[in-house]
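Below: one structure, written as structure tokens.
The values are calculated or read from the model by the stated rules, or taken from the named source; none is laboratory data. Just so it is clear, the model here is predicted, and its values are computed rather than measured. Here the Cβ is made from the backbone with ideal geometry for all residues, glycine too, and neighbour counts use every protein chain on show. Keep in mind that these areas ignore ligands, DNA and RNA; they rest on the heavy atoms of the full protein, side chains included. Shrake-Rupley method; radii C 1.70, N 1.55, O 1.52, S 1.80 Å.
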Amino acid sequence: KRGFNARFYSYPILMRKFITTEHREKERIALMNDILDTDLLIIDDLLKGCPNSQSYRFDEFKSATTEIFWSRYDKRAPVIITTQSSYPEIAQFDSALAGRIVEACGKRNIVSYDANSRNWRIKNS
């Protein structure tokens, strides 16, 4: 029986991998196959480190992000994301991506937290 596999990527690192393999087709295909062949994809800190829309790198981030999400969506493969971005910030980055996230999981599976609550990463919060 085949086991279940998952891949965990930090969004900034995943984007760096995607962008640096843009002109190296074999590496890009291998990375995309890794993303598509895993049973569960986990992306931590979605949009963290993403340049603003005036940056020349913005389109590279947007293109890579949508390629990943659209490919997983078309395959009906699950993606778990964490983000400190609000829904309006994601929608400003790409409204179709924001809509796809909500459509794919429904509000019942979106877990939000209070940004002003205690942060376990800060020792004395």
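Can you tell me how many residues within the stretch 15-39 are within 15 Å of SER71 (Cα to Cα) and either surrounded by 14 or more Cβ atoms within 10 Å (Cβ to Cβ) or among the acidic types (Asp, Glu) (or both)?
Going residue by residue through the stretch 15-39, those that are within 15 Å of SER71 (Cα to Cα) are 18, 28-39.
Narrowing further to those that are either surrounded by 14 or more Cβ atoms within 10 Å (Cβ to Cβ) or among the acidic types (Asp, Glu) (or both): 18, 28, 31-32, 34-39.
Summing the residues that are within 15 Å of SER71 (Cα to Cα) and either surrounded by 14 or more Cβ atoms within 10 Å (Cβ to Cβ) or among the acidic types (Asp, Glu) (or both) in the stretch 15-39 gives 10.
Within the group SER86, SER117, SER125, SER112, which residue is at pLDDT below 85, in contact with a Lys or Arg (Cβ under 8 Å, 6 or more places away or on another chain) and loosely packed, with under 14 Cβ neighbours inside 10 Å? Outline the logic, then answer.
Values: SER86 fails: in contact with a Lys or Arg (Cβ under 8 Å, 6 or more places away or on another chain); SER117 fails: in contact with a Lys or Arg (Cβ under 8 Å, 6 or more places away or on another chain); SER112 fails: in contact with a Lys or Arg (Cβ under 8 Å, 6 or more places away or on another chain).
Just a single option satisfies the conditions, and that option is SER125.
Take the residues in the stretch 25-47 that are over 14 Å from the mean Cα position of the chain (by Cα) and acidic (Asp, Glu), then tell me which one is farthest from VAL79 (Cα to Cα).
Across the stretch 25-47, the extreme among qualifying residues is GLU25.
Please work out which residue is nearest to GLN92 (Cα to Cα), limiting yourself to the stretch 57-78 and to residues that are assigned to a loop (DSSP other than H, G, I, E, B) and over 12 Å from the mean Cα position of the chain (by Cα).
In this case the residue turns out to be ARG57.
Does ALA98 count as free of Cβ contacts under 8 Å to residues at least 12 places away in the same chain and open to solvent by less than 30 Å² (accessible area, probe 1.4 Å)?
When the stated conditions are applied, ALA98 passes them.
On the basis of being part of a loop (DSSP other than H, G, I, E, B), under 21 Å from LEU97 (Cα atoms) and at pLDDT 90 or above, does LEU41 make the cut? Explain how you work it out, then say what you get.
Working: part of a loop (DSSP other than H, G, I, E, B): no; under 21 Å from LEU97 (Cα atoms): yes; at pLDDT 90 or above: yes.
No, not satisfied.
Scan the stretch 41-54 for residues that are of a type outside the set (Val, Ile, Thr) and closer than 16 Å to TYR11 by Cβ and jot them down. Steps first, please.
Filtering the stretch 41-54 for residues of a type outside the set (Val, Ile, Thr) gives 41, 44-54.
Scanning the stretch 41-54 gives LEU41, ASP44, ASP45, LEU46, LEU47, LYS48, GLY49, CYS50, PRO51, ASN52.
Within the stretch 69-87, can you find the residues that are polar (S, T, N, Q) and touching a strand residue (DSSP E or B) at 6+ places or on another chain (Cβ under 8 Å)? If you could, list the steps in order and put the result at the bottom.
Taking the stretch 69-87 and keeping what is polar (S, T, N, Q), we get 71, 82-86.
Scanning the stretch 69-87 gives a single hit, THR82.
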